[in-house]
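The values are calculated or read from the model by the stated rules, or taken from the named source; none is laboratory data. Model, not experiment: these values are computed from the prediction. Ideal geometry is used to build each Cβ from the backbone, glycine not excepted, and the neighbour counts take in all protein chains shown.
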Amino acid sequence: MSNASERGVHRDHSPLLPTVSAGVVGLSFLTFVLAWLVLFPILTPSTQLVGGVTFYDVFGLAMLLCGVALVGSGVASRTGYVPATPSATAGVTTGVVLGVLGFVVTGLFVSQTLGIDGPMGLGWFLAAFVGGAAVFVATVAPREDVGSTVPIGAFALLAGLVVLLGVIGDSWTWNPSGLAATFSGDMAVPVVALVVSLLTAWAGAKAYEGFGARGRQLGAYMFVNLNAALMLFVLFVLIAFIVYRGLPGVLRGAAVGLGTGPEVAFGLHLPFDVPFVTNSYGLRNDVNGVLPAVFGTIWLVVGAVVLAVPTGVGAAVFLTEYSREGRFTQVVEIATNGLWSTPSIVYGLFGLAFLVPRFGNSASLLAGQLVLGFMLLPLVVITTRESIKAVPDSYRDASAALGVNQWQTIRSVVLPAALPGTVTGIILGVGRIAGETAPILLVTSSSMSPFPASRFVPRVLSGFQFTAQPPFVTNTELLQASSALPYQLYALITAGVGAGAGSDADIDPWSTALVLLIVVLTFYAVGIASRSYFRRRLQE
Amino acid sequence: MSKTDTDSRSDTQTESQPLVDHTVEGETSEEIRDEWTNYDFDGEAKLSVSELNVYYGDDHALKDIDMEIPEQSVTALIGPSGCGKSTYLRCLNRMNDRIKAARIEGNVEFEGKNIYDADANLVELRKRIGMVFQSPNPFPKSIRDNISYGPRKHGDIDTGLLARVLGRDDGEREERLVERSLKQAALWDEVNDRLGDNALGLSGGQQQRLCIARCLATDPEVILMDEPASALDPIATSKIEDLIEELSEEYTVVVVTHNMQQAQRISDQTAVFLTGGELVEYDDTEKIFSDPESQRVEDYITGKFG
Amino acid sequence: MSQRTGISNVFDERLGDSTAFTAVAAVGALSLLATFVLFVVESDLASVALVVFVAAAAYGWLFHQAETAWGLSVLTTLVGIVVLGLILVFLFLEAEKAFETAGLSLLLRSAVPVWSPSQGIYGLQVAIHGTIVTTVIATLIAGPLGVAGALFISEIAPERVGELVKPAIEMLAGIPSIVYGFIGFAILNRYLFYELQLNTQGSLFLAGGVIGLMALPTVVSVAEDAITSVPESMKSGSLALGATDWQTMKGITLPAAFSGVSAAIILGIGRAVGETMAATVILGNVAGEFPNPIFDVFASTATLTSLIASQYGDAAETQLSALFVAGVVLFVIVMFLSLVSQLIERRMRRQLEGDS
Ligand SMILES: Nc1ncnc2c1ncn2[C@@H]1O[C@H](COP(=O)(O)OP(=O)(O)OP(=O)(O)O)[C@@H](O)[C@H]1O
Ligand SMILES: [Mg+2]
């Protein structure tokens, strides 16, 4: 079976198969993109292009072409007309994928088009099963060059014809029993084109490398790379879309120039003014803004950091420097990982049950700070521990050898060396809690209107009051409910604001989302950048 | 052992000697070395290496290596630790491509074509130029699966339900292949009753022999071995040595070893690398060990340094 | 490491003031305990005890820094355990009332509606069903795509590209869930509503998809760690036999990293189960009746999380308590997943260490 010795270690230079299959892959890719554009109606499928051709026809033609080319490639390779190095079979994976497809297509055809139910409603199932099995065998039984091209090619041909002949087209609808959804041609054709284009691109990629192990590798890499590209694309689209929708609202009334901004101190003004961020909600405002939410988020984050960072760093120091690996550290580890994976809403419930009754039985900033602090804690412990562990033992030994006691060693050698990693971890953690909504919703903001006026800006620093009796220190600002950016967005959504074009008086949820995104992603960007900076410095 | 002018030097100084020599010899060393490394042999060259340079970042690990490796014979590579033997071996089947820091210049011709050409097929290349690594690296699979891994991936062996249904089941051939390879690698007697056990449960020496068997099972034409016997006891070592000699009737074997006696016993020709990544002398094994041209080589094989 | 626990030898050297310090340390520890106890019993005096503790700690820090640092680090280590314990205790305490009123029908009720606070009916089955459906959909998305993404970053992409994609995926994790929810609510909900002529805005299908996207980064980064920890020598061994890179990934790398990759998927499942805001905003949050038929993923019911977030506000006592039961269920599921993934990960570490 092995013809290895006849094969050179250099590639065959016959261009026919690679050229045709590259064409298939390219055409499939175009179909894929076009299908998404039609699916998210950026293009209307029934638009008349040149000569009365619609996008339906384009899809149909593309699938037809790919199908013909694939069947041709398979046959040409099998007859030895073009050189290739196929394996004995296309493999179980290909077989199963196509078998499932065959099952679905036969099942739909029999039950929906022919309307056959059969005994006990199982007729369609039996037919589908037979169809799927047949396709499976047709895929795995022949040599790989046939098995991995002809069934896919045939399927593409079929789909192409169905679309071209208008069997599934403009006026086609399908309401599958059991689902509350109705599929129209506008939806079905691009979805079919998506599936078919992925399959034909897969087969084309295999054929490009002449099948065999390397063909499969290219086929798989195509999907893996596409997946990575799509993730990047989704990130880009999400951010771009929010910027596009939110930026006008954020910049409404914004100005740049000396003295335009709000006063900071001693008659000094910021050199820019963004009223959406610096204003609260008020009837007489030109532009209403989210200042109370911004301050709420700031104070929540500050409180959480003040609570979690010393605690987390202390615990990490104990776990890595003082204690030995054992039962106790294991328990702590399990607890830490448990806290890390506890859902935010559960933290919220905990705050509601434990903290809220103890802080005057109402939602309060302080409760939110504590809850977010508890959420941040495991992250600080985990990242700090990791960066302390990464400090080489030789540092400690060098310090100990100088007669410095353990605490001094930790303070002056270990912690500074672990600082970069710790700081990075904290920044990333802060990014995460700054965007948390669920716990704040329950313990800090529950009653807040989506349009908080300026008196709801928490002024924590001026809120401290000292009294002669216990509890000696009070801070009404900390014990008051407060808004926060993620909550603000939630409240706007539930209030149904901004469904239409926001009037000037409204607070646009897209702009709120943009401000929130900027805050959170800034933390992430700084955290990631500092991590790669320190990592690079460590490597040098 | 006759002591020369190095008599009075301490050990550490002796170690630095080649470096000193090298700089003193200056330009002439290049010429002389070319002479010593031009090895004439009868028959065909399986691999011919020319002007091969390897850099790890700024570190010049192999310098201008020219070497023709005759087919169906055993070529030994010897030299002090860190002189670049493994690096050289990895150049011959392009395993250095895996090391990001490594940069390779020059030609390695296999069947008259440079394996570093852009259109080289790495899979085919490595299939035909097999390799046994310096430290054993069995897969975390059963012993049987370790052996049949290569043939399976090349589509030469196919088992399982689907293969059986389609009448292509190669289970028997697999068993025969496993048995033959393990016997060749002198491991069969120790493991034949537990072929289904995880290979990570074997001892270090057994693992190394398993890796040799795994390499043989893919039926390569050239076998590169990086100190294949370093973790073995004398009995297993002599079995491996026998195996290597046997293999040379059919295969081309290139073997790195630290053991001079071993090199003498098993190889037809020997290449001596010295610190700094130079190929200093390459000749018939007998010649190298009885009458080397280079003083440095003589020093090295008589144990004066390295 | 073992030498670093000694605090007693420090004591020996300074026997003179050790009694005073021991007293302060005792006061500090006691006052912290008192703070905690007083806080739990809702006494105003908690802050007094806290002040005492701070004073004791300050004294210790100034005069006996090494010992105080040790003591404080012990205390901070306990915080995590205490918080987890408190969460457990208070969730169960609050859930008790609902259990008393509704008993096991909370989870086992078969008559419809299963959840109707106005009639005093509190059953969580529909929400549990919603959680299962969304989690399954999310896992189907995040699992395969996440592992593929991890393979891309660690094995396939050139270094430069990998260094770009990795932070991008972390950014994806950074986008707050409410923002995902908002896009789902404002754009995708409406889109599916019109395109598929749904009966309701919002569907489990969409919620599951969005949650899958949100769980994706978790799977990618944890799986990537696992894949990178497979020793290079194993991969080289496979490549040197003439296997392709892809065959090596499928045949060697992924099986060797199997435990780590499954831990990644389990963590992703945990994230999906606990995801709140996207589900709350996208779904209709009605938990009275199952979708009909039960597999209709285009129904707009509720998940456990969205039920809590959408109803806690105007919930009366028993209803609130029933929501705490939902919290307990969530907590138990997630703790279980966390424990399983830790066990698996430990096994993997042992496996890979064992063979070297
Ligand atoms: N991956 C790598 N990255 C950077 N430098 C490397 C790498 N591998 C080897 N080197 C360097 O290249 C030189 C040659 O190494 P090589 O492993 O080829 O030596 P060797 O002759 O096989 O030694 P030994 O007999 O100890 O196995 C050494 O100086 C080594 O430090
Ligand atoms: Mg070596």
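Of the candidates B:Arg126, B:Arg144, the single residue that is part of a helix (DSSP H, G or I), farther than 17 Å from C:Thr248 by Cα and either away from ligand 1 (no atom under 16 Å from the Cβ) or touching a Leu at 6+ places or on another chain (Cβ under 8 Å) (or both) is B:Arg144.
For A:Val301, the conditions (1) in a loop (DSSP other than H, G, I, E, B); (2) surrounded by 13 or more Cβ atoms within 10 Å (Cβ to Cβ) all hold with the exception of (1). Within the range B:261-295, restricting attention to residues that are within 16 Å of ligand 2 (Cβ to nearest atom) and not in a strand (DSSP E or B), the residue that is surrounded by the fewest Cβ atoms within 10 Å (Cβ to Cβ) is B:Gly276.
Residues checked against (1) modelled with pLDDT of 85 or more; (2) over 20 Å from A:Val520 (Cα atoms); (3) not in a helix (DSSP H, G or I):
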site: A:Gln408; (1), (2), (3): yes, yes, no
site: A:Gly425; (1), (2), (3): no, no, no
site: A:Leu428; (1), (2), (3): no, no, no
site: A:Glu436; (1), (2), (3): yes, no, yes
site: A:Gln469; (1), (2), (3): no, yes, yes
site: A:Leu479; (1), (2), (3): no, yes, yes
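When B:Asp242 is tested against (1) buried (at least 24 other Cβ atoms within 10 Å of the Cβ); (2) more than 16 Å from ligand 2 (Cβ to nearest atom); (3) more than 14 Å from every other protein chain (Cβ to nearest Cβ), only condition (1) is not met.
When B:Trp36 is tested against (1) at pLDDT below 90; (2) within 15 Å of ligand 1 (Cβ to nearest atom), exactly one condition is not met: (2).
Within the set C:Gly288, C:Gly284, C:Gly313, the sole residue that is touching a Pro at 6+ places or on another chain (Cβ under 7 Å) and assigned by TED's automatic domain parsing to the domain that holds C:Val179 turns out to be C:Gly288. Residue count for the range A:369-427 under the criterion of being small (Gly, Ala, Ser), more than 10 Å from chain C (Cβ to nearest Cβ) and within 39 Å of the chain's Cα centre (by Cα): the result is 6. Kindly indicate the residue of the range B:83-94 that is within 11 Å of ligand 1 (Cβ to nearest atom) and of a type outside the set (Val, Ile, Thr) and also farthest from the other protein chains (Cβ to nearest Cβ) among those meeting that condition. Restricting to residues being within 11 Å of ligand 1 (Cβ to nearest atom) and of a type outside the set (Val, Ile, Thr), the top hit is B:Cys83.
Output the residue which, of all residues in the range B:143-167 that are more than 7 Å from every other protein chain (Cβ to nearest Cβ) and either charged (D, E, K, R) or in contact with a strand residue (DSSP E or B) (Cβ under 6 Å, 6 or more places away or on another chain) (or both), is farthest from B:Leu89 (Cα to Cα).
Among residues in the range B:143-167 that are more than 7 Å from every other protein chain (Cβ to nearest Cβ) and either charged (D, E, K, R) or in contact with a strand residue (DSSP E or B) (Cβ under 6 Å, 6 or more places away or on another chain) (or both), the one farthest from B:Leu89 (Cα to Cα) is B:Arg164.
Selection of the range A:390-412 for residues being closer than 17 Å to A:Leu319 by Cα and among the hydrophobic types (A, V, I, L, M, F, W, C) yields A:Ala390, A:Val391, A:Trp407, A:Ile410.
Give me the residue from the range B:84-113 that is within 11 Å of ligand 2 (Cβ to nearest atom) and touching an Asp or Glu at 6+ places or on another chain (Cβ under 8 Å) and, out of that set, nearest to C:Leu239 (Cα to Cα). Taking the candidates together, the pick is B:Leu89.
Restricting attention to the range B:57-82 and to residues that are assigned to a loop (DSSP other than H, G, I, E, B) and more than 9 Å from ligand 2 (Cβ to nearest atom), the residue that is nearest to the other protein chains (Cβ to nearest Cβ) turns out to be B:Gly57. Just one of the numbered conditions (1) away from ligand 1 (no atom under 16 Å from the Cβ); (2) of a type outside the set (Asp, Glu); (3) within 21 Å of the chain's Cα centre (by Cα) is not true of B:Gly160: (3). Answer with yes or no whether B:Leu52 is within 16 Å of ligand 2 (Cβ to nearest atom), touching a Cys at 6+ places or on another chain (Cβ under 8 Å), under 27 Å from B:Ile266 (Cα atoms) and in the same structural domain as B:Gly276 (by TED's automatic domain parsing). It is false that B:Leu52 is within 16 Å of ligand 2 (Cβ to nearest atom), touching a Cys at 6+ places or on another chain (Cβ under 8 Å), under 27 Å from B:Ile266 (Cα atoms) and in the same structural domain as B:Gly276 (by TED's automatic domain parsing). Pairing residues of the range C:142-163 that are surrounded by 19 or more Cβ atoms within 10 Å (Cβ to Cβ) with residues that are of a type in the set (D, E, K, R), at Cβ distances under 6 Å and at least 6 apart in sequence or on separate chains, gives C:Ala150/C:Glu224; C:Ile153/C:Lys166; C:Ile153/C:Glu224; C:Ser154/C:Glu224.
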